[in-house]
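Heads up: the structure comes next, in structure tokens.
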Amino acid sequence: MKTFFFTGKGGTGKSTMASAAAWQLALMGKRVLAVSFDPAHNLGDIFGLKLSHKKKRFDKELYLMEVNLEKASAKYIKENINLLEGIYSYLKPFNMDRYFQILKYSPGIEEYASLTAMEELLRVEKENFDYIIIDTPPTGLTLRILALPVVTLSWIDRLKKIRGSILEKRYTIHNINGRISKEGIKLAYKEADDMVMKKLKEIEMRFMRLRIFLEGNNNSIVVVFNPDFLSLKESRRLINALKELKLPFRIAINNKVEDKYLKEAEEIEKKLLINNNCIKLMRIKRMEPPPKKAYTMVGSLTEILL
Amino acid sequence: MLLKDFLMKIINVFKWFFSVLGESHRSRVTELTSYEERELENIFILLLMGSFAGIPAPPAFLAVELFPFLEYELRILETRAKDSSDALAELAGLMDIG
């Protein structure tokens, strides 16, 4: 299974390119799933369908779905409230969920919910499809989502080291005193018995798998840009950030190029892809008037995708 | 028979005396390690919930996922927050000063 993340500034044509790519791959007989993580959700509009978080068949080999970030966050919070209530059942009378509902406004929760949804999607659907095409939210949010595995792994590493020292000290105390319990709580002194360490390792494993996949050969980041100054600036920032995160930027699409400004378009491509010799580049002409079935109307993207 | 009972009682008293003495020695020996362990627990939970104290914090979901297993650490955090003005006295007590 291969994945393509279509990224870029808002309005450059990410969703159109993603849907065209999905359509063209499906026409070649490949099993394709196109998923939108963009809260604007243009994918359904492009294909003329009302989409939800359940995949919907559009054509013989093409399935579509939209991930609702708000629902994904709510699901994540509900799961954790249930876990908390299960453990601290004596707190139930205090209507704890009221306090934890506020968590959905906490910074980073939406990004995490998106990443969890993405991880689940890739895990569940990897056997069912040859290609998964992902239409991402605008640059800022996409970068925060894609950076999350790296940031989280470095935090987990630090927390694991501290937890390891705590368990070492507890082990020493246990060996001398013959027991270790405080305030009526029996404390774990071995890594295998410590729930916090177990949970940290579990989260680490999840993020490690996702990071390996995102950085691997089966994943490609596609940057869609337009031949104008603002798009150049933002795409440059995006490409630099992708490099920093070691994410595989492999394809660039210069969309909405006009014949009369071909020279300018070439210049922008040169500026953007300087020091990026291995990137496959494709130029898509502006279509006037914009076509109704946009997914059928752009050039052959499979040349650069396959 | 009476003498045997008497001797057994004396032995038990000695056993109890030495066990208490041993325990007191052992807890004296582990006092510093316990203090270190408590401080590390405090640092761990402070790091995890740093956003509440205005220090750089890991992503919020890490705290959320670990929260259910941190009852003891949360109690330590609360105690340390209450005793924070008296940290020097605790250290002095630990070192047998004063």
task = Report the one residue of B:ASN12, A:THR16, A:LEU306 whose Cα lies farthest in the direction of the positive end of the charge dipole of the protein assembly as shown (charges on C-beta: Lys and Arg +1, Asp and Glu -1; origin at the Cα centre).
result = A:LEU306
Listed residue pairs exceeding 31 Å between alpha carbons, taken from A:LYS14/A:LYS199; A:LYS60/A:LYS280; A:LYS14/A:LYS56; A:LYS78/A:LYS198 = A:LYS14/A:LYS199
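If the limit is 30 Å between Cα atoms, which of A:LYS161/B:LYS82; A:LYS75/A:LYS169; A:LYS30/A:LYS50; A:LYS169/A:LYS246; A:LYS50/A:LYS201; A:LYS161/A:LYS233 go over it?
Numbers: A:LYS161/B:LYS82 27 Å; A:LYS75/A:LYS169 38 Å; A:LYS30/A:LYS50 23 Å; A:LYS169/A:LYS246 37 Å; A:LYS50/A:LYS201 40 Å; A:LYS161/A:LYS233 40 Å.
Beyond 30 Å between Cα atoms: A:LYS75/A:LYS169; A:LYS169/A:LYS246; A:LYS50/A:LYS201; A:LYS161/A:LYS233.
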inquiry  = Among A:ASN217, A:ASN68, A:ASN177, which one shows the highest mean-square fluctuation when chain A is modelled as a Gaussian network with alpha-carbon springs under 10 Å?
reply    = A:ASN177
Inter-part distance where segment A:267-303 and segment A:245-266 are each reduced to a Cα centre, Å = 6
ask   = Which lysines, on any chain, are close to A:LYS260 with Cα under 16 Å apart, when same-chain ones fewer than 8 places away are left out?
value = A:LYS285
note = Given the candidates A:LEU238, A:PRO289, A:ASN255, the one whose Cα lies deepest towards the positive end of the charge dipole of segment A:220-306, counting +1 at each Lys or Arg C-beta and -1 at each Asp or Glu C-beta, is A:LEU238
note = Binned at 10 Å starting from 0, the alpha-carbon pair-distance distribution of the protein assembly as shown in whole percents comes out as 4, 18, 23, 18, 13, 10, 6, 4, 2, 1, 0, 0
ask   = Picking from A:LEU167, A:MET118, A:LEU141, whose Cα lies most toward the positive end of the charge dipole for segment A:2-305 (charges on Cβ: Lys, Arg +1; Asp, Glu -1)?
value = A:LEU167
Contact order normalised by residue count of segment A:172-259, Cα under 8 Å, 6+ apart, percent = 24
key: Spread of Cα-to-Cα distances over 5 Å intervals beginning at zero, given as percent, for segment A:180-306   = 2, 8, 14, 15, 13, 10, 7, 6, 5, 5, 4, 4, 4, 2, 1, 0
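Which of the GluC sites (Glu not before Pro) found in segment A:245-288 are in a DSSP loop and have at most 15 neighbouring Cβ atoms, other than their own, within 10 Å?
Here the GluC sites (Glu not before Pro) that fit, given the DSSP loop and packing criteria, are A:GLU258.
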request  = Give, rounded to the nearest 20 debye, the magnitude of the charge dipole that chain A has about its Cα centre when Lys and Arg contribute +1 at Cβ and Asp and Glu contribute -1 at Cβ.
outcome  = 540
note = Of A:THR12, A:THR142, A:THR172, the most mobile residue in a GNM of chain A (C-alpha springs, cutoff 10 Å) is A:THR172
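Laboratory data are not the source of any read-out in this text; all were calculated from the coordinates shown. Just so it is clear, the model here is predicted, and its values are computed rather than measured. Because the Cβ atoms are built from the backbone with ideal geometry, glycine has one as well, and the counts that use them run over all protein chains shown.
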